[in-house]
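Quick note: the coordinates plus some simple rules give every number you see, no bench work behind them. Note that the coordinates shown come from a computational prediction; the quantities given were computed from them, not determined experimentally. Methodologically, a virtual Cβ is constructed for each residue, glycine included, from the backbone with ideal geometry; neighbour enumeration extends over all protein chains shown.
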Amino acid sequence: MKVIADSSSTRTEWVIIDGDNVVERAFTQGLNPYFQTRREISHSIRLELPESFFRRRWEHVYFYGAGCANVDKNKIMESSLVAQFKTPVTVESDLLGAARGLLVKVPGLACILGTGSNSCHYDGKKIVKNVRPLGFILGDEGSGAYLGRLFLSDCLKGIAPRQISDAFFEKYKVSPDEIMDAVYTNPFPNRSLSAYSQFLSEYLDDEYVYQLIYSAFMGFFVRNVSSYSYTELPICFVGATATTYREVLQKVAADFGVEISKIVQSSMPGLIQYHAQ
């Protein structure tokens with residue numbers, strides 16, 4: 001039996017599989033070696049996962065995670081996982097996890113629109129091209145954090161329609177100073193931005209909200225998708241932001257001249273299929 005973990009900056013989904021059968025599933029907070037130390041990662045894994053995940057040595061642990069995109073960061077994650085599971089571990093990026101989850105072994109374009117955003121050309125085995133996402137400050141177009149940053153900035157500057165900003169402050173019971181504190185002193189500011197962006201899903205009929213989301217998604221296509229041979233390959237999306245605003249995303253894709261092949265919230269079903277093979 002194997003353990004597969006698929007981790008965004010917000011949430012990690014874990015499964016124990018026997019072939020293609022899911023024996024157990026669990027969720028913990030997101031794990032990211034860019035924001036967490038080895039000790040913090042180990043602490044989260046041990047305290048948040050059910051004890052059943054540690055009762056035996058597994059055949060292998062496959063971890064796909066945000067922030068796992070270079071050797072040094074992967075070593076932090078790998079050492080934490082080995083210490084907890086005492087089992088052979090492979091650590092890969094969340095982007096490769098998305099590609100395998102969306103396309104399994106079929107070539108295509110795999111895109112993430114969740115707390116953050118990313119994209120790649122996957123040849124059915126490996127990533128052959130990737131436009132750097134640059135994170136929520138310099139990039140991450142179309143992501144939950146990106147939407148949250150645009151919306152909160154508009155609210156705090158008085159640009160957002162009064163009825164929308166009033167409804168936001170009424171719902172979340174936060175002050176401008178508390179928002180600034182969450183963004184600039186919180187150890188996971190991208191999570192805070194993405195969480196606040198969920199408010200927009202309640203007001204899609206509002207022209208301001210619709211255009212904000214439309215423009216953010218179009219920015220993702222222009223600044224990321226356009227760098228690939230996007231008319232020649234299937235394009236797929238994974239992530240909560242993609243599924244929450246599915247209709248807007250499909251409209252943007254159509255206006256960009258492509259049709260989206262798949263939009264799913266989680267890479268895990270495809271990852272189970274990939275590793276079962």
Task: Relative contact order (%) - criterion: Cα under 8 Å, at least six apart; region: segment 210-277 - done: 38 percent
- [ ] Could you work out the local net charge near Tyr245, counting Lys and Arg as +1, Asp and Glu as -1, over the other residues with Cβ closer than 14 Å to its Cβ?
- [x] -3
Open item on the list: Could you work out the percent of alpha carbon pairs in segment 131-277 separated by over 19 Å, rounded to a whole number?
Closed with: 56 percent
TODO: In whole angstrom, note down how far apart the Cα centers of segment 181-256 and segment 63-132 are.
DONE: 21 Å
Open item on the list: Taking θ = phi - 60°, what integer Hz values does the Karplus form 6.51 cos²θ - 1.76 cosθ + 1.60 yield along segment 15-27, in sequence order, with x for Gly and Pro?
Closed with: 9, 9, 10, 10, x, 9, 9, 7, 7, 7, 10, 8, 10
Task: In segment 1-58, the trypsin sites (Lys or Arg not before Pro) that fall in loop regions by DSSP, at most 16 other Cβ within 10 Å - done: Arg55, Arg56, Arg57
- [ ] Note down the net charge around Arg57, summing +1 for each Lys or Arg and -1 for each Asp or Glu among other residues with Cβ under 15 Å from its Cβ.
- [x] +1
Task: Label zone at Ser261, where the point sits 7 Å out along the Cα-to-Cβ direction: segment 58-101 residues whose backbone N lies under 14 Å - done: 99-101
- [ ] Tell me what the chain gives for mean residue ellipticity at 222 nm when only DSSP H runs of n ≥ 4 count, each as -39,500 (n - 2.57), the sum divided by the residue total, rounded to 500 deg cm²/dmol.
- [x] -13500 deg cm²/dmol
Open item on the list: Give me the net charge for the shell around Leu95: Cβ to Cβ below 12 angstrom, other residues only, Lys and Arg +1, Asp and Glu -1.
Closed with: +1
Task: Cα-only radius of gyration and Dmax that characterise segment 40-89, units Å - done: 10.9, 31
Task: Given Lys126/Lys262; Lys157/Lys262; Lys73/Lys126; Lys75/Lys129; Lys2/Lys125, the pairs whose alpha carbons are separated by over 28 Å - done: Lys157/Lys262
- [ ] Determine ³J(HN,Hα), in whole Hz, for all residues of segment 115-126 in sequence, where each value follows from phi through the Karplus function 6.51 cos²θ - 1.76 cosθ + 1.60 and θ = phi - 60°; x replaces Gly and Pro.
- [x] 4, x, 9, 6, 7, 6, 9, 10, 8, x, 10, 8
Open item on the list: Using the basic label-point model (7 angstrom from Cα toward the beta carbon), what is the Val174 to Ser201 distance in nanometres?
Closed with: 1.7 nm
Open item on the list: Tell me the Kirkwood radius of segment 159-217: reciprocal of the mean inverse pair distance over distinct alpha-carbon atoms, in Å.
Closed with: 12.4 Å
